[in-house]
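The values are calculated or read from the model by the stated rules, or taken from the named source; none is laboratory data. Fair warning: this is a prediction, and the values are worked out from it, not measured in the lab. Here the Cβ positions follow ideal geometry from the backbone for every residue, glycine too, while neighbour counts run over all protein chains shown.
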Amino acid sequence: MARGSNTGNRALVQGAQKALDQFKYEVAHELGLQGVEDGYWGEIPARQCGAVGGHMVRKMIEMAEQNMAGRTNR
């Protein structure tokens, strides 16, 4: 990625960033990651950070599927 390019991880819905950050720490806790509570992830290997992101995506897909299944067809 080019230096100065800022096309990366940002919430698409205004005001969702705080909830996403909280969700990230909940998933990290569920996975048993220690030492990220202070917001510093520099000691965490990339593989474990990727696992956090992967679990977040799985949970978000599950929530979306549940939301879609709860809708009635019109």
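Cβ contacts < 6 Å: first residue modelled with pLDDT of 90 or more, restricted to the stretch 1-29; second residue among the basic types (Lys, Arg), any location; separation 6+ or different chain. Result?
none
Just for the stretch 21-52: of the residues that are of a type in the set (D, E, K, R) and within 16 Å of Asn9 (Cα to Cα), which one is farthest from the chain's Cα centre (by Cα)?
The qualifying residue farthest from the chain's Cα centre (by Cα) is Asp21.
Out of all the residues in the stretch 11-38, which are among the charged types (D, E, K, R) and part of a loop (DSSP other than H, G, I, E, B)?
Glu37, Asp38
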